[in-house]
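A short reminder: the numbers here are calculations on the coordinates, not readings from a lab. Only a predicted model underlies this, so the values are computations on that prediction, with no experimental measurement involved. FYI the Cβ positions are ideal-geometry reconstructions off the backbone, even for glycines, and counts take in every protein chain you see.
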Amino acid sequence: MLGLPCLGINGGPMFKHSEAFSFQIATEDQAETDRYWNAIIGHGGTASQCGWCKDKWGLSWQITPRVLTEAMAQGGEVAKRAFVAMMEMGKIDIAQIEAAVRGGKILTQKRKDTNGKKRKKS
């Protein structure tokens, strides 16, 4: 997976797949974030919140730009602002995370349902 050996073993019907296992991809920029996100969603996957999505087989993925991970690692107010910004997103918008880190105004995205249609925030 992404150039690394990865082995999944079918343990039989008593071992059901769950979200307890997921893949995380650390991305460098918005183009890379978009590429992985669109590859999963565009081939039968479903979008979720906070950078999470599922592929067509139901495996969970988190597409995480390094700028978000770095902001969260700073802790304090920077991490809080990054977290608040992330909670409004499906696919992570790096420009919005960077604005949050700087303490700037965050443009709220309209969330989309799993079919890509805009929906009201709950």
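Starting from the Kirkwood radius over alpha-carbon pairs of segment 23-96, derive D by Stokes-Einstein at 10 °C in a medium of 1.306 mPa s and give it in µm² s⁻¹.
Answer, rounded: 129 µm²/s.
Once Lys and Arg get +1 and Asp and Glu get -1 on their Cβ, which of G45, A31, M89 lies farthest toward the positive end of the dipole of segment 22-102?
Farthest towards the positive pole: G45.
Treating the beta-carbon of each Lys and Arg as +1 and of each Asp and Glu as -1, no other charges, what is the dipole magnitude of segment 22-102 about its Cα centre, to the nearest 20 debye?
220
Just check segment 59-108 against the gyration tensor rule for me: Cα atoms, a ≥ b ≥ c as the square roots of the eigenvalues, rounded for a/c under 1.5, and otherwise prolate or oblate depending on whether a/b exceeds b/c.
It is oblate, given that a/c is not under 1.5 and a/b is not larger than b/c.
Please compute the length gained on full extension between M87 and M1, using 0.36 nm multiplied by the number of residues separating them and subtracting their Cα-Cα distance.
Extra length from M87 to M1 when fully extended: 28.2 nm.
Can you tell me the dipole magnitude for segment 5-69 around its Cα centre, using point charges on the Cβ only (Lys, Arg +1; Asp, Glu -1), in Debye to the nearest 20?
Magnitude of the dipole: close to 260 debye.
Take C50, C6 and order them by how many other Cβ atoms sit within 10 Å, fewest up front.
Final ranking by Cβ density, sparse to dense: C6, C50.
Cut-off is 10 Å between beta-carbons; in what order do V84, V101 appear when sorted fewest neighbours first?
In increasing order of surrounding Cβ atoms, one gets V84, V101.
Can you tell me how much longer the chain between A95 and R66 gets when fully stretched, taken as 0.36 nm per residue apart minus their C-alpha distance, in nm with one decimal?
Length gained between A95 and R66: 9.2 nm.
Take R81, R66, R102 and order them by how many other Cβ atoms sit within 10 Å, fewest up front.
R102, R66, R81
Pop the C-beta distance of N10 and N38 into the FRET formula with R0 = 25 Å and round what comes out to the nearest 0.05.
0.30
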